[in-house]
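Working notes, beginning with the structure itself.
Read-outs throughout are calculated quantities, based only on the coordinates presented, and are distinct from any laboratory measurement. Predicted model only: the values in this text are computed from it and were never measured. Cβ placement follows ideal geometry from the backbone for every residue including glycine, while neighbour counts extend to all protein chains displayed.
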Amino acid sequence: MFRAVLTVVIILVMAWWCSRLMGKQWGRTSGSGNIELIDQVSVGQNQRILLMKVGEKHYLIGVSPAGIQLLSKVEGDFERPQSSEMLAGTQLPFQEFLKKRLELYRDKREGK
C-alpha cells in the first residue's frame, strides 16, 4: 500500500515539475521581439483564434490542423492579459488545477 501511495506522489510531483518546465519554455520569446501573442481563444478541438501584434499592427489569425490563416487586421489598443492562464492555453497551472480537483473530490465525498 505504501509503495502505491509513494508511486502516485512521485508521479504527481513529476507532472507538476514538467508543467512548470513546459510553462517556462513556452513563455520564452524568441527572435527580435517584433511578434507578440496578445491573446488567444479556443474555438474547437485543435482550433484557436490568436490576436497577434506584429510591429505596431494587430492581426486575428486562425490556427487549425488544416493550417494557419489570416482572418483580419484589427484596429485598437490591446494589452496582454496579466494572468499566466493565457500561456497555458487558458488553462490553470497544474498545481491550481490539482487543488480544485481535490476540493471537488472532497466535497463529493462529504456529500456537499
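For a straight C-alpha distance cut-off of 15 angstrom, the aspartates and glutamates reachable from Lys73 (same-chain residues fewer than eight places away being disregarded) are Glu36, Asp39, Glu56. In this structure, the amide hydrogen of Asp39, modeled 1.01 Å from its nitrogen in the peptide plane, lies closer than 5 angstrom to those of Leu51, counting only residues at least 5 positions away or on a different chain.
With K and R counted +1 and D and E -1, the other residues having a Cβ less than 9 Å from that of Tyr59 yield a net charge of +3.
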